[in-house]
1. Identify, by number, the condition in (1) open to solvent by less than 50 Å² (accessible area, probe 1.4 Å); (2) touching a helix residue (DSSP H, G or I) at 6+ places or on another chain (Cβ under 9 Å); (3) under 20 Å from residue 31 (Cβ atoms); (4) not basic (Lys, Arg) that residue 59 doesn't meet.
2. Are any residues in segment 95-126 open to solvent by less than 60 Å² (accessible area, probe 1.4 Å), at pLDDT 95 or above and either of a type in the set (Val, Ile, Thr) or assigned to a loop (DSSP other than H, G, I, E, B) (or both), and if so, which ones?
3. Taking the condition at pLDDT 95 or above, of a type outside the set (A, V, I, L, M, F, W, C), open to solvent by 60 Å² or more (accessible area, probe 1.4 Å) and in contact with a helix residue (DSSP H, G or I) (Cβ under 6 Å, 6 or more places away or on another chain), does residue 43 pass?
4. Can residue 38 be described as within 22 Å of residue 99 (Cβ to Cβ), open to solvent by 90 Å² or more (accessible area, probe 1.4 Å) and part of a loop (DSSP other than H, G, I, E, B)?
5. Quickly run through segment 81-92 and pick out the residues that are loosely packed, with under 13 Cβ neighbours inside 10 Å and among the small types (Gly, Ala, Ser).
6. Determine, yes or no, whether residue 52 is modelled with pLDDT under 95 and among the β-branched types (Val, Ile, Thr).
7. Being charged (D, E, K, R) and either surrounded by 10 or more Cβ atoms within 10 Å (Cβ to Cβ) or within 24 Å of the chain's Cα centre (by Cα) (or both) is the filter here; which residues of segment 7-32 pass it?
8. Given the conditions (1) assigned to a helix (DSSP H, G or I); (2) open to solvent by 70 Å² or more (accessible area, probe 1.4 Å); (3) hydrophobic (A, V, I, L, M, F, W, C); (4) in contact with a helix residue (DSSP H, G or I) (Cβ under 8 Å, 6 or more places away or on another chain), and given that residue 78 satisfies all but one, which numbered condition is not satisfied?
Amino acid sequence: VEENLDLASASRVGQLSEAELEVVAQAVRAYAGAVPIPCTTCRYCMPCRHGVDIPTAFSLYNGVKAFGGNQGVLNRIIYQGHLAKHHGGLCVACKACLRKCPQKIDIVTWLRTVHAEMSRSPAQGH
């Protein structure tokens with residue numbers, strides 16, 4: 001922790017070179033391409049009147065898309081277990097969440113997609 005604090009204290013605005021800034025930009029583009037739902041888990045969409053845990057459902061789905069493999073299997077198991085009473089299939093498209101989302105995510109459409117994929121057997125992969 002102390003080393004992190006020292007490094008943070010030594011950093012300044014404009015300290016990165018153009019090459020370093022390009023590496024950061026490439027990382028941002030790669031991450032954005034791997035994560036289809038731009039949810040920041042701010043939770044402004046919550047609580048859902050119908051019990052859907054929107055940010056958690058989106059986070060688990062993004063994890064499947066970004067990492068796949070064992071993480072994808074684990075995320076599906078969590079979705080089907082932990083979110084069994086709060087899954088995306090409970091969405092009735094009331095759209096109350098849409099007005100609250102600062103990212104302007106089409107939550108209703110994404111919840112349908114998320115639920116369809118995350119409800120499949122964990123062994124089916126993506």
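The values are calculated or read from the model by the stated rules, or taken from the named source; none is laboratory data. This is a predicted model, so every value here is computed, not measured. Positions of Cβ are backbone-derived with ideal geometry, glycine not excepted, and every protein chain shown enters the neighbour counts. All accessible areas refer to the heavy atoms of the entire protein, side chains included, with ligands and DNA or RNA removed. Shrake-Rupley method; radii C 1.70, N 1.55, O 1.52, S 1.80 Å.
1. Among (1) open to solvent by less than 50 Å² (accessible area, probe 1.4 Å); (2) touching a helix residue (DSSP H, G or I) at 6+ places or on another chain (Cβ under 9 Å); (3) under 20 Å from residue 31 (Cβ atoms); (4) not basic (Lys, Arg), the lone unmet condition for residue 59 is (1).
2. Residues satisfying the conditions are 101, 105, 107, 108, 113, 114.
3. The answer is yes for residue 43.
4. no
5. 81, 84
6. No; evaluated as a whole, the condition is false for this residue.
7. 20, 22, 29
8. Just one mismatch for residue 78, condition (2).
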